[in-house]
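Undergrad: Before I ask anything, let me first share the structure, which is written out below as structure tokens.
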Amino acid sequence: MTNSQPLKSRRTFIAASATGVMAAPSVVRAQESFNWRMVTSWQKNLPGPGVSAERLAQRISTMSNGRLRVTVFPAGSIAPAFGVLEAVSTGAAEMGHTASFFWDGALPGAAFFTTAPFGMGPLGHQTWVEQRGGQQLWDELYRPRGVRGLLAGNTGPSMGGWFRKPINSVEDIKGLRIRVSGMGGEVYAALGAVPQNIPPGDIFSSLERGTIDAVELLAPVNDLPMGFERHAPFYYMPGFNKPNGAGEALISLPAFAKLPADIQRIVEVACQAEHSAALAESGHANATALLELVAKGAKITAFPQDVMKAAQAKTNEVIDAKAQKSPLTARIVASWREALKSGGPWARIESYSEQAMRSL
């Protein structure tokens, strides 16, 4: 009896130890930490999208309690402004913050996930992506590149841009060298302009040197620190070419697959939170920034009706042509147009109701 008791104790200890060793890997995996690089298309802390990128990275790091730490690399540090998709796709970075319309040439239809001329505003666009099948089409478009796009910030509707000289008719658009991004560039080209695709950090110098005649960036709060009014004081509205300003978080699918399920969900929720926070922030900041721009000499001006009508007609032609690029692009266009049509009546009631109450 005296010898069997110690033997039994030793067996119990060995069994317990073995169980602990077998359980250890799952515990280690649960507490494993990850470090991601986020490349962006923006200058560091550029009002609007640059701030969204930094805030999104901090939000993910904080919500995951440091298990996923995201470090932001602004445009030019790891990848150029227009190289974010390639960087995430090839594994040079695990994440990016950018705008989907930069990839529309390589991935026809991508622009719709940021904005399209004469399209939906921020709420209508988000409704399409989250409630009307837009996200599924976005996933399908990007999957061959090994990435996923998510809404992750919004600068709200854009202004029409800054022009050196007044635009009195559609004839004044012809030959105009304008920095413009997204599908709006195709519309301007169809109107006879010469669109320029210039990274945000290089726009002012191009305007200052006189290599462009006009520039469209984003909304007042984003335009304010750029100083465009010093060389092109005519500030046009509405921003028909960018009625929405959705930011895009690009996520590497292989990197995402390595994350535990709870951290995967944190990344998704953090993107949703940033989209909401940025849109609210833009509404507040644009109201103040617009007044500051006027004080600095900006001349708020409406596009002539013939310009608006011509731009809308050319937009329909551009979108029709885009739908011919591929069967998937055709499905994206059809889905987007259906969302625009279905959401139109309520959007008009919302707009009318707000304006009617403000006029009292």
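Each value in this text was obtained by applying a stated rule to the coordinates, not by laboratory testing. All values reported here derive from a predicted model rather than from experimental measurement. Cβ placement follows ideal geometry from the backbone for every residue including glycine, while neighbour counts extend to all protein chains displayed.
Undergrad: Under the classification rounded if a/c is under 1.5, otherwise prolate if a/b is larger than b/c and oblate if not, where does segment 132-172 fall, given a ≥ b ≥ c as square roots of the Cα gyration tensor eigenvalues?
TA: Since a/c reaches 1.5 and a/b is larger than b/c, the shape of segment 132-172 is classed as prolate.
Undergrad: Treating cross-link reach as a plain straight distance, find the lysines whose alpha-carbon is under 22 Å from the alpha-carbon of residue 296, omitting any fewer than eight places away in the same chain.
TA: Counting by Cα, and skipping residues close in sequence, residue 296 has these lysines nearby: 165.
Undergrad: Counting only residues 5 or more places away or on other chains, whose amide H sits under 5 Å from the amide H of residue 97 once H atoms are built in the peptide plane?
TA: Amide H to amide H, under 5 Å and 5 or more residues apart or across chains, residue 97 pairs with 39, 40, 41, 250.
Undergrad: Residues with beta-carbon under 9 Å from that of residue 196, excluding residue 196: net charge, scoring Lys, Arg +1 and Asp, Glu -1? Present the calculation step by step, with values, prior to reporting the outcome.
TA: Values: positive: 177, 179; negative: none.
Every neighbour counted, the sum reads +2.
Undergrad: Can you list the residues, at least 5 places off or on another chain, whose amide H is less than 5 Å from the amide H of residue 247, using H built in the peptide plane?
TA: So residue 247 has HN proximity to 152, 153, 154, 155.
Undergrad: Considering only DSSP beta bridges where both residues belong to the chain, give the percentage that are antiparallel (nearest 5). Walk me through the numbers on the way to the answer.
TA: Numbers: 15 of 33 bridges.
So the antiparallel bridges amount to about 45 percent of the total.
Undergrad: Apply the Karplus curve 6.51 cos²θ - 1.76 cosθ + 1.60, θ = phi - 60°, to the phi angles in segment 327-338 and return the couplings in whole Hz, x for Gly and Pro.
TA: x, 5, 4, 4, 5, 4, 4, 5, 5, 4, 5, 5
Undergrad: For a footprinting-style exposure proxy, rank 179, 348, 337, 148 by other Cβ within 10 Å, fewest first. All intermediate terms of the calculation are to be shown ahead of the outcome.
TA: Details: 179 25, 348 10, 337 16, 148 19.
With the sparsest Cβ surroundings first, the list reads 348, 337, 148, 179.
Undergrad: Which value, in debye to the nearest 20, describes the size of the charge dipole of the chain about its Cα centre when Lys and Arg Cβ atoms bear +1, Asp and Glu Cβ atoms bear -1, and nothing else is charged? Let's see the in-between values first.
TA: Details: 35 positive and 29 negative charges, 210 e Å.
The calculation lands at about 1000 debye.
Undergrad: Further question: In whole angstrom, note down how far apart the Cα centers of segment 90-145 and segment 270-296 are.
TA: 22 Å
Undergrad: A further question follows. Round to the nearest 10 and give me the degree value, 0 to 90, for the angle of helix 122-131's Cα axis relative to the longest principal axis of the chain.
TA: The answer is roughly 40 degrees.
Undergrad: Counting other beta carbons within 10 Å of each residue's own, what order do 213, 172, 320 fall into, fewest first? Don't skip to the answer; put the middle values down first.
TA: Numbers: 213 20, 172 16, 320 10.
If I rank by nearby Cβ atoms, fewest first, I get 320, 172, 213.
Undergrad: Which ³J(HN,Hα) values, rounded to whole Hz and listed in residue order, are derived for segment 37-51 from phi using the Karplus coefficients 6.51, -1.76 and 1.60 in 6.51 cos²θ - 1.76 cosθ + 1.60 with θ = phi - 60°, glycine and proline given as x?
TA: Each residue's phi maps through the Karplus curve to give 9, 10, 8, 10, 9, 10, 5, 4, 6, 4, x, x, x, x, 5 Hz.
Undergrad: Could you tell me which label, among (i) 107, 46, 40; (ii) 61, 49, 44; (iii) 104, 46, 34, carries the value of Cα extents along the principal axes in Å calculated for this structure?
TA: Answer label, from the structure shown: (i).
Undergrad: Also, quick follow-up: Fewest Cβ neighbours within 10 Å first, please rank 90, 114 accordingly. Intermediate values should be presented prior to the final figure.
TA: Numbers: 90 13, 114 27.
The fewest-first ordering by Cβ neighbours comes to 90, 114.
Undergrad: Over 18 Å between C-alpha atoms is what I'm after, so list which of 174/299; 174/309; 174/325 land there. Intermediate values should be presented prior to the final figure.
TA: Details: 174/299 22 Å; 174/309 15 Å; 174/325 27 Å.
Those over the limit are 174/299; 174/325.
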